[in-house]
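Single-structure report; data block below.
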Amino acid sequence: SITVFRDAQGNFYGCGVATDITQRAQEAAEMSYKANYDPLTQLPNRRLFHDRIQVAISQARRENTYLALLMIDLDRFKPVNDCFGHSVGDLLLQAVARRMQKCLRESDTLARVGGDEFVVILPMISDAHDATGVAEKIRQALCEPFDLKEGVTVNIDCSIGIAVYPD
């Protein structure tokens, strides 16, 4: 901040104080990231998902376009945790997130909203066939075996529900 003043002869003088807020800004950015992203998969969490779906609905309404929402639940995930432990289950969730992300466009949002539950927002699609095509691509990707660590390969499936806005 700077305070400007004038002396008796009319000369201007300034007195200022500067504060480096770099660390404070970095801490705020880190807190925001932790509040909005899942620490395990680095995907948007439920909180950020709710914000993004509201934005996507508003955009679809404004531009008179369709959007789809895919609800994805992993099948046979619990036995992985039970047989191999939670550390292997965590590796599986990370691998699942990477595989699903490869099936999506940059404009799509993949979020982890629960233990083994994921949601995909597909904005600006032509019709429901676009959503079913992406869902099938994800299903096929997740049906491939996961080599998680030496000697541990698991097979899972998924269940996918689809909703299309505004239908």
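The values are calculated or read from the model by the stated rules, or taken from the named source; none is laboratory data. Quantities reported herein were computed from a predicted structural model and do not represent experimental measurements. Because the Cβ atoms are built from the backbone with ideal geometry, glycine has one as well, and the counts that use them run over all protein chains shown. Heads up: the accessible areas ignore ligands, DNA and RNA and are worked out on the full protein's heavy atoms, side chains in. Shrake-Rupley method; radii C 1.70, N 1.55, O 1.52, S 1.80 Å.
The amide H of Tyr37, built 1.01 Å from its N in the peptide plane, has Asn45 as neighbours under 5 Å, considering only residues 5 or more places off or on other chains. Where in region 129-167 is the amide nitrogen less than 13 Å from a point lying 7 Å along the Cα-to-Cβ axis of Arg76? Inside the label zone: 142-147, 153-159. Converting phi to 3J(HN,Hα) with the Karplus coefficients 6.51, -1.76 and 1.60 and the offset θ = phi - 60°, region 110-126 yields 10, 10, 9, 10, x, x, 10, 10, 10, 9, 10, 9, 10, x, 6, 9, 6 Hz in sequence order, with x at every glycine or proline.
Comparing Ala68, Ala29, Ala60 in a Gaussian network model of the chain (Cα springs below 10 Å), the most mobile by mean-square fluctuation is Ala29. Secondary-structure-derived ellipticity at 222 nm for the chain, considering helices only, amounts to -14000 deg cm²/dmol, per-run term -39500 (n - 2.57) for DSSP H runs with n ≥ 4. The C-alpha atoms of region 12-105 occupy a region whose extents along the principal axes are 75, 44, 20 Å, arranged from largest to smallest. Residues Ile2, Ile160, sorted by accessible area with the largest first, give Ile2, Ile160 [1.4 Å probe; ligands and nucleic acids excluded].
For region 21-38, 3J(HN,Hα) computed residue by residue from phi via the Karplus equation (6.51, -1.76, 1.60; θ = phi - 60°) reads 9, 4, 5, 4, 5, 5, 5, 5, 5, 5, 5, 5, 4, 5, 6, 10, 10, 6 Hz, glycine and proline entered as x. Our summary gives the chain a relative contact order of 26 percent, counting only alpha carbon pairs under 8 angstrom and 6 or more residues apart.
Just so you know, the averaged projected area of the alpha carbon convex hull for region 41-167 sits at 7.4 nm². The share of accessible area on the chain that comes from carbon and sulfur is 52 percent, using a 1.4 angstrom probe. Solvent exposure of the chain amounts to 63 Å² per residue of accessible area, where only protein heavy atoms count and the probe is 1.4 Å.
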